[in-house]
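For reference, the structure discussed in these notes is given below.
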Amino acid sequence: MAGTEWGEKFFTDGSIPLTLGNVIGEKLTMPIIKSAKKQVRSSARRKKANADRRKAIKGTVRSAHDKTTPETLSAAFKALDKAANRHTIHRNKAARLKSRLSRKLRTV
């Protein structure tokens, strides 16, 4: 990381913007300890992975909502269960969405 200024954004793989620090008000705070720097990087990776998972969940749930068939419902249930097990979404939210989708299938 030689040659970068404090707070300057840089990319590890071209897709995850990382800053070594947190912005508090107008002041940038930098982690000093090595493990804290690693934690900033790993939390950015987790944030991106969680956002991708949430986007995938929305897509499968939306497709199951639009076209309610047992196959699309099964795919949506699988995505919701996987996200709840990985703590991307709360398990009660997964249960609520599954309940709404299954109720929609029963009315169709």
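The values are calculated or read from the model by the stated rules, or taken from the named source; none is laboratory data. This structure is a prediction, so every number in the text was calculated from the model and none was measured. Please note: Cβ atoms are built from the backbone with ideal geometry, for glycine as well, and neighbour counts cover all protein chains shown.
If you go through the range 80-101 one residue at a time, do you hit one that is over 30 Å from residue 31 (Cβ atoms), in contact with a Gly (Cβ under 9 Å, 6 or more places away or on another chain) and not charged (D, E, K, R)? Within the range 80-101, not a single residue is over 30 Å from residue 31 (Cβ atoms), in contact with a Gly (Cβ under 9 Å, 6 or more places away or on another chain) and not charged (D, E, K, R).
A quick yes/no check of all residues on (1) under 18 Å from residue 95 (Cα atoms); (2) modelled with pLDDT under 90; (3) not aromatic (Phe, Trp, Tyr):
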residue: 36; (1), (2), (3): no, yes, yes
residue: 51; (1), (2), (3): no, no, yes
residue: 54; (1), (2), (3): yes, no, yes
residue: 57; (1), (2), (3): yes, no, yes
residue: 61; (1), (2), (3): yes, no, yes
residue: 65; (1), (2), (3): yes, no, yes
residue: 69; (1), (2), (3): no, no, yes
residue: 75; (1), (2), (3): yes, no, yes
residue: 79; (1), (2), (3): yes, no, yes
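When the criteria are applied in full, residue 45 fails the requirement of being farther than 30 Å from residue 31 by Cα and among the charged types (D, E, K, R).
A Cβ distance below 7 Å, combined with a sequence gap of six or more or placement on separate chains, defines the contacts here; from the range 72-96, residues that are more than 11 Å from residue 54 (Cα to Cα) reach residues that are among the basic types (Lys, Arg) in the pairs 77/98. On the stretch given as the range 60-85, residues that are loosely packed, with under 13 Cβ neighbours inside 10 Å and either of a type in the set (Phe, Trp, Tyr) or part of a helix (DSSP H, G or I) (or both) total 7. Restricting 44, 49, 36, 56 to those that are in contact with a helix residue (DSSP H, G or I) (Cβ under 7 Å, 6 or more places away or on another chain) and assigned to a helix (DSSP H, G or I) reduces the list to 56. Taken across the range 86-94, residues that are among the small types (Gly, Ala, Ser), surrounded by fewer than 15 Cβ atoms within 10 Å (Cβ to Cβ), at pLDDT 95 or above and within 22 Å of the chain's Cα centre (by Cα) do not occur at all. Residue 101 meets the stated requirement of being surrounded by 14 or more Cβ atoms within 10 Å (Cβ to Cβ) and in contact (Cβ under 8 Å) with a residue 40 or more places away in the chain.
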